[in-house]
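Participant: One structure follows; several queries about it will come next.
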Amino acid sequence: MIDSKIMETTKSILKEFGNTYFSDKGTLKRNKVIEDLDAYTPMLMKALLANQLIHDTYTESVVIDDKSVEIFKLNQFIEMFTYKEYWQDSYTKFENKIGLTAGGKFIDETADIVLDFPFKDTVLKAGMTKEDQKDTDEPFLHETIAKAEIDQLLEPKIFVNATKYDQENLDGVSTDKFDDENLIIKGNNLIALHSLKQQYAGKVKLIYLDVPYNTGNDSFGYNDKFNHSAWLTFLKNRLEISYELLSDSGSIFVQLDDHEVKYLGVLLDEIFGRDNFVELITIVNNPRGRDYGGIANMHEFLFVYKKSPNTVLNPIVDSQKKFPYKDKFGPYEIRELRNRNTAFNSDNRPNLFYPIFADPNSADENNFYEVSEIESEQFSIEILPKKSSGIQTVWRWGKAKLSDDKGKNVVARPMKDGGWSIQEKYRKNTVMARSVWWDKEVNSERGTIHLKELLGGKFFAFPKPEGTLKRIIEIATNKDDLVLDFFMGSSTTQAVAMKMNRRFIGIEQMDYIKTVSVERLKKVIAGEQGGISKDVNWQGGGSFVYAELMEKNQGYLKDVQHAETTKQLENVVNRMIAGGADFDFRVDVEKVMQDPEYQAMSLADKKQLMVKVIDKNQLYYAYSDMEDRDVQELMSESDIAFNKSFYGERDL
């Protein structure tokens, strides 16, 4: 224990140096003191050693070659500044130094610990024959020392307040079981993702993420203000578990603006593999543009990566497409078969320059004539690929592709100038997705207008329009596939997935999950007709289960952050102490609160300190905590049953 008299004596000496070692508020600059002590700054050392109390306490005389030498025990003196009885600014100490600690002290700053190995003198048995190993189970002598404590941050967590919503229960009904249903989770998305790992690893077909853009302003409900390196780490943690959750035939779509797009691409390359990059789509979501410094910005970006070579993306289906013609094979439109590229002619593509013969007696009501690649008495009109100017060109198809079913794929049509046009009967209502999306369905204003009409207010600055998600889900999934979005926001992804008969999981930490996200999905179940509803003939239906991660320190953390006065903060901290909250093992919070230096801090500094002192490994109760009767008493019987159902009755 540090002698308080020595500390007060030292402070009085340091005050003689003016503002060198004290801030304007009178707070001791501990790091500056330690820095100058390490450097043996002459004026500081002279002032300290001139004091009799410090001299007698921290010097020792040793005899070297019959001469007495006085040694200043610098490390022990520095310990007084590094390890106070309570924790005041040790967050600075621990953030600025990395190393092994024991009892809250770095092992290179204490003489109480030495580096040692258990059974360090044992050797491998290293038998050279089977006979040497016949009577033993162990190939060598060795023991592993286990950790005293297990980091529970990413352990599966307890769910509470499970509620099912469907057409019969639009206001929700408590549920005690889970049967692979649509799922909405309230809680930290990284922790929730790891709670899903056992159940859903390798089962998710599509992950869509509208990530925080790191713009530097908090225009979104979730935190959209990270520094660059913290933002990359934040996403790296979440993308790594995303990779594990994706199926081998799955894909991930990540949307953002230009602030971090260059760096996110490198990160996605690292996690999903450079060879699995599909495309960087440009979405023109604001045709008028926003002036961010001389050039009006009109677009955002959408990264597309597949999990593996097994991933196959779908063409876009236009369910509203109208075909002007119909024959016995079905509806169709016509497209000219001739290749208009002037680089292609009979000289450089002779295999695509050949005559097609039309049957002069086969005209139908549309004035289309049957054709054949073989001349006969019936098929007598020779047609060569020519432009209207008479210049020879080539066909887009080789002879082998012409159908034997006359009139199924290709027809001829006479032109006014006496020539003939060869037409392909095009029957598809699908098209491969393009790398630029600029149509009205992806306009950002559509998302804002729809959400406002649906819920009666503007909750998000730029909610994604349902048309964007419809296109993504159509490209990446099929009916009943599983879609995951863990930056759920206003639940656009989940709403569209429900309307398109896909299964979904959504995760959101913010409190608006109940007032915005869930309320929107309830309206989808009821059959709301906004967004893509009319395009997909949505008539309502579907269901989902809502559940919350069971808060432990997370609740205290929010209370600390929301405290508006010193008194409110003090009440929160006292509740934490009384409630047995988990604190950093290096901290005695009660002593912190009694310290004059802490009491002199601003409210913002006090809140920052308390946020740091809360043990982040214990934000939520782990599923393994359910073996504790005290934890079970905090849960309902329905909560306990739901968790056992979700985790498959796994032993606690």
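Participant: I'm told Arg503 meets every condition in (1) open to solvent by 30 Å² or more (accessible area, probe 1.4 Å); (2) over 20 Å from the mean Cα position of the chain (by Cα); (3) under 17 Å from Glu181 (Cα atoms) except one. Can you identify the failing condition by its number?
Facilitator: Here Arg503 meets the rest and fails (2).
Participant: Please tell me if Glu453 is surrounded by fewer than 16 Cβ atoms within 10 Å (Cβ to Cβ) and assigned to a helix (DSSP H, G or I). I'd like the intermediate steps shown before the answer.
Facilitator: On the way: surrounded by fewer than 16 Cβ atoms within 10 Å (Cβ to Cβ): yes; assigned to a helix (DSSP H, G or I): yes.
Yes.
Participant: Go through (1) buried (at least 24 other Cβ atoms within 10 Å of the Cβ); (2) within 20 Å of the chain's Cα centre (by Cα); (3) not charged (D, E, K, R) one by one and return the number of the condition Gln509 breaks.
Facilitator: (1)
Participant: Of all the helices (runs of 4 or more DSSP H) wholly in the stretch 587-652, which have at least 1 residues that are within 28 Å of the chain's Cα centre (by Cα) and in contact (Cβ under 8 Å) with a residue 60 or more places away in the chain? I'd like the intermediate steps shown before the answer.
Facilitator: Working: elements: 589-594, 596-599, 603-613, 629-632, 637-646.
Here the list reads 603-613, 637-646.
Participant: I need the full set of residues from the stretch 196-212 which are at pLDDT below 95 and open to solvent by less than 10 Å² (accessible area, probe 1.4 Å), in order please.
Facilitator: Those that are at pLDDT below 95 and open to solvent by less than 10 Å² (accessible area, probe 1.4 Å): Val211, Pro212.
Participant: Among the residues of the stretch 336-350, are any at pLDDT 85 or above and under 30 Å from Gln392 (Cβ atoms)?
Facilitator: Step one: list which residues in the stretch 336-350 are at pLDDT 85 or above, which gives 336-337.
If we keep only those that are under 30 Å from Gln392 (Cβ atoms) too, we end up with 336-337.
Yes, that holds for at least one residue.
Participant: Name every residue in the stretch 330-377 that is under 22 Å from Met415 (Cα atoms) and touching a Leu at 6+ places or on another chain (Cβ under 9 Å), in order of residue number.
Facilitator: Asn339, Phe353, Tyr354, Pro355, Ile356, Val371, Ser372, Glu373
Participant: Of all the residues that make up the stretch 413-440, how many are under 30 Å from Ala476 (Cβ atoms) and either among the β-branched types (Val, Ile, Thr) or assigned to a loop (DSSP other than H, G, I, E, B) (or both)?
Facilitator: 12
Participant: Run Leu170 past the list (1) of a type in the set (A, V, I, L, M, F, W, C); (2) more than 18 Å from the chain's Cα centre (by Cα); (3) under 25 Å from Gly555 (Cβ atoms) and report the number of the one that doesn't hold.
Facilitator: Every condition holds for Leu170 apart from (3).
Participant: I need the full set of residues from the stretch 385-395 which are surrounded by 12 or more Cβ atoms within 10 Å (Cβ to Cβ) and in contact with a Ser or Thr (Cβ under 9 Å, 6 or more places away or on another chain), in order please.
Facilitator: Those that are surrounded by 12 or more Cβ atoms within 10 Å (Cβ to Cβ) and in contact with a Ser or Thr (Cβ under 9 Å, 6 or more places away or on another chain): Pro385, Lys386, Lys387, Gln392, Thr393, Val394.
Participant: Does Val545 fit the bill of being open to solvent by less than 20 Å² (accessible area, probe 1.4 Å), in a helix (DSSP H, G or I) and on the phi < 0 side of the Ramachandran plot?
Facilitator: no
Participant: Separate question: Which residues, counting only those in the stretch 9-52, are of a type in the set (Asp, Glu) and under 17 Å from Phe72 (Cα atoms)?
Facilitator: The answer is Glu35, Asp36, Asp38.
Participant: Sticking with this structure for a sec: Just checking, how many residues over the stretch 260-281 are touching a Ser or Thr at 6+ places or on another chain (Cβ under 6 Å) and surrounded by fewer than 16 Cβ atoms within 10 Å (Cβ to Cβ)?
Facilitator: 1
Participant: Further question: Any residue in the stretch 487-501 that is more than 15 Å from Asp210 (Cα to Cα) sitting within a Cβ distance under 7 Å of a residue that is surrounded by 23 or more Cβ atoms within 10 Å (Cβ to Cβ) and among the aromatic types (Phe, Trp, Tyr)? List the pairs, counting only those 6 or more apart or interchain.
Facilitator: Pairs that qualify, where the first residue is more than 15 Å from Asp210 (Cα to Cα) and the partner is surrounded by 23 or more Cβ atoms within 10 Å (Cβ to Cβ) and among the aromatic types (Phe, Trp, Tyr), are Ala497/Phe504; Met498/Phe504.
Participant: Would you check if Gly418 is of a type outside the set (Phe, Trp, Tyr), free of Cβ contacts under 8 Å to residues at least 24 places away in the same chain and open to solvent by 50 Å² or more (accessible area, probe 1.4 Å)? Break it down stepwise before answering.
Facilitator: Values: of a type outside the set (Phe, Trp, Tyr): yes; free of Cβ contacts under 8 Å to residues at least 24 places away in the same chain: yes; open to solvent by 50 Å² or more (accessible area, probe 1.4 Å): yes.
Yes: the conditions hold for Gly418.
Participant: From the set of residues in the stretch 282-337 that are more than 28 Å from Trp420 (Cβ to Cβ) and charged (D, E, K, R), which is most open to solvent (accessible area, probe 1.4 Å)?
Facilitator: Step by step, filter the stretch 282-337, then rank; the result is Arg288.
Participant: Working only within the stretch 1-46, note down all residues that are open to solvent by less than 60 Å² (accessible area, probe 1.4 Å), part of a loop (DSSP other than H, G, I, E, B) and at positive phi.
Facilitator: Gly26
Yes/no matrix, rows are residues, columns are (1) closer than 30 Å to Pro287 by Cα; (2) open to solvent by less than 60 Å² (accessible area, probe 1.4 Å); (3) in a loop (DSSP other than H, G, I, E, B); (4) of a type in the set (Phe, Trp, Tyr):
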position	(1), (2), (3), (4)
Asn351	no, no, no, no
Pro360	no, yes, yes, no
Ala363	no, yes, yes, no
Asn366	no, yes, yes, no
Ser376	no, yes, yes, no
Trp397	no, yes, yes, yes
Val411	no, yes, no, no
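Participant: Okay, moving on. Quick one: would you say Trp438 is open to solvent by 50 Å² or more (accessible area, probe 1.4 Å) and closer than 30 Å to Glu300 by Cα?
Facilitator: Yes, satisfied.
The values are calculated or read from the model by the stated rules, or taken from the named source; none is laboratory data. Treat the numbers as computed from the prediction; the structure is a model and nothing was measured. Don't worry about glycine lacking a Cβ; one is built from the backbone with ideal geometry, like all the others, and counts go over all protein chains shown. Heads up: the accessible areas ignore ligands, DNA and RNA and are worked out on the full protein's heavy atoms, side chains in. Shrake-Rupley method; radii C 1.70, N 1.55, O 1.52, S 1.80 Å.
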